[in-house]
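Step one of this worksheet: look at the structure below.
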Amino acid sequence: MKYTDFALARRKMVQEQLLARGIKDERVLRAMMKVPRHLFLEEGLWSQAYGDFPLPIGEGQTISQPYIVALMTEALRLKGDDKVLEIGTGSGYQAAILAELAERVFSIERISSLAAKARRILDELGYANVLIKVSDGTYGWEEEAPFDGIIVTAGAPEIPKTLLRQLKVGGRLVIPVGNEYSQTLLRIARKESGYKEEDLGGCRFVRLIGDHGWRA
Ligand code: SAH
């Protein structure tokens, strides 16, 4: 496939998978149009990179379906000056999308080989506003808290309280919560007093493994 073919595939993805299903945030649509998703995958998968499905990224993990990436990103309601935390760097694709829309992105991955690969491609693409660390993301990133947005891209058995505490007042946490096979995507907004929870629909993610997640 040529460079122009990938741009065409991205346009088709934005129209048929995102706009058609109700993604409206112009900034999110522009970021999804811009970031070369195929480069976050093995070359053998490039021709499938813009399809309507998740794909393997090694170590038994997956890059989410484009629609889910767009839906979760839109739910964060980023304005451009935000400080965002991602749990589950994986391929680094979601981090690149966030880097287009926020000021600074902090991303945590528990598998060091995935973190290293993500770092390499994010550097190649010039995303200097993404910081990655290898650790158990269920603890959040205390030194950098509080955050305007926190996105968890692995399925949790329940909402980790540690992450709620690292949200700014007015900040949003987007997280899939449920059992191993299916989860509900939740958005939790921190208010002056307490939290407000919204249900964004069903989804299926790999497991969030950690002290405040599933046991390995
Ligand atoms: N956002 C990724 C997809 C992530 S797949 C992308 O755009 O490609 C989920 C990732 O979460 C996997 O890489 C998995 O290793 C990681 N993960 C699972 N539990 C974790 C934890 N407690 N802390 C950090 N990363 C975790």
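Quick check on the stretch 114-147: of everything there that is part of a helix (DSSP H, G or I) and in contact with an Asp or Glu (Cβ under 8 Å, 6 or more places away or on another chain), which residue is surrounded by the most Cβ atoms within 10 Å (Cβ to Cβ)?
Of the stretch 114-147, the ones part of a helix (DSSP H, G or I) are 114-124, 137-139, 142-144.
From the residues that got through so far, the ones that are in contact with an Asp or Glu (Cβ under 8 Å, 6 or more places away or on another chain) too are 114-115, 118, 137-139.
Values: LEU114: 21, ALA115: 20, ALA118: 25, GLY137: 30, THR138: 22, TYR139: 16.
Looking at the filtered set, the residue picked out is GLY137.
Scan the stretch 81-113 for residues that are assigned to a strand (DSSP E or B), of a type outside the set (Ser, Thr, Tyr) and in contact with an Asp or Glu (Cβ under 6 Å, 6 or more places away or on another chain) and the total you get is 2.
Anything in the stretch 186-199 that is in a strand (DSSP E or B) and either within 14 Å of the ligand (Cβ to nearest atom) or surrounded by fewer than 16 Cβ atoms within 10 Å (Cβ to Cβ) (or both)? List them, or say none. Reasoning before the result, please.
Of all residues in the stretch 186-199, those in a strand (DSSP E or B) come to 186-190, 195-199.
Of everything in the stretch 186-199, those that are in a strand (DSSP E or B) and either within 14 Å of the ligand (Cβ to nearest atom) or surrounded by fewer than 16 Cβ atoms within 10 Å (Cβ to Cβ) (or both) turn out to be TYR195, LYS196, GLU197, GLU198, ASP199.
Would you mind finding the one in GLY178, GLY213, GLY171, GLY155 that is surrounded by fewer than 22 Cβ atoms within 10 Å (Cβ to Cβ) and closer than 23 Å to ALA95 by Cα?
On the way: GLY178 fails: closer than 23 Å to ALA95 by Cα; GLY171 fails: surrounded by fewer than 22 Cβ atoms within 10 Å (Cβ to Cβ); GLY155 fails: surrounded by fewer than 22 Cβ atoms within 10 Å (Cβ to Cβ).
Selected residue: GLY213, the only one of GLY178, GLY213, GLY171, GLY155 that is surrounded by fewer than 22 Cβ atoms within 10 Å (Cβ to Cβ) and closer than 23 Å to ALA95 by Cα.
Which residues, counting only those in the stretch 203-216, are more than 16 Å from the chain's Cα centre (by Cα) and either more than 9 Å from the ligand (Cβ to nearest atom) or not in a strand (DSSP E or B) (or both)? If the condition is that a residue be more than 16 Å from the chain's Cα centre (by Cα) and either more than 9 Å from the ligand (Cβ to nearest atom) or not in a strand (DSSP E or B) (or both), then GLY210, ASP211, HIS212, GLY213, ARG215, ALA216 are the ones that fit.
How many residues does the stretch 1-59 contain that are part of a helix (DSSP H, G or I), of a type in the set (Val, Ile, Thr) and surrounded by 14 or more Cβ atoms within 10 Å (Cβ to Cβ)? Please lay out each step first, then the result.
At the first step, the residues of the stretch 1-59 found to be part of a helix (DSSP H, G or I) are 3-21, 26-34, 37-40, 43-48.
Now restrict to residues that are of a type in the set (Val, Ile, Thr): 4, 14, 28.
Within this subset, residues satisfying the condition of being surrounded by 14 or more Cβ atoms within 10 Å (Cβ to Cβ) are 14, 28.
Here the count works out to 2.
Rundown of residues vs (1) over 13 Å from the mean Cα position of the chain (by Cα); (2) modelled with pLDDT of 95 or more; (3) within 17 Å of ARG119 (Cβ to Cβ), yes/no style:
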residue: LEU45; (1), (2), (3): yes, yes, no
residue: PRO56; (1), (2), (3): yes, yes, no
residue: GLU59; (1), (2), (3): yes, yes, yes
residue: THR62; (1), (2), (3): no, yes, no
residue: LEU71; (1), (2), (3): no, yes, no
residue: GLY80; (1), (2), (3): yes, yes, no
residue: ILE87; (1), (2), (3): no, yes, yes
residue: GLY90; (1), (2), (3): no, yes, yes
residue: ALA95; (1), (2), (3): no, yes, yes
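The values are calculated or read from the model by the stated rules, or taken from the named source; none is laboratory data. Predicted model only: the values in this text are computed from it and were never measured. Methodologically, a virtual Cβ is constructed for each residue, glycine included, from the backbone with ideal geometry; neighbour enumeration extends over all protein chains shown.
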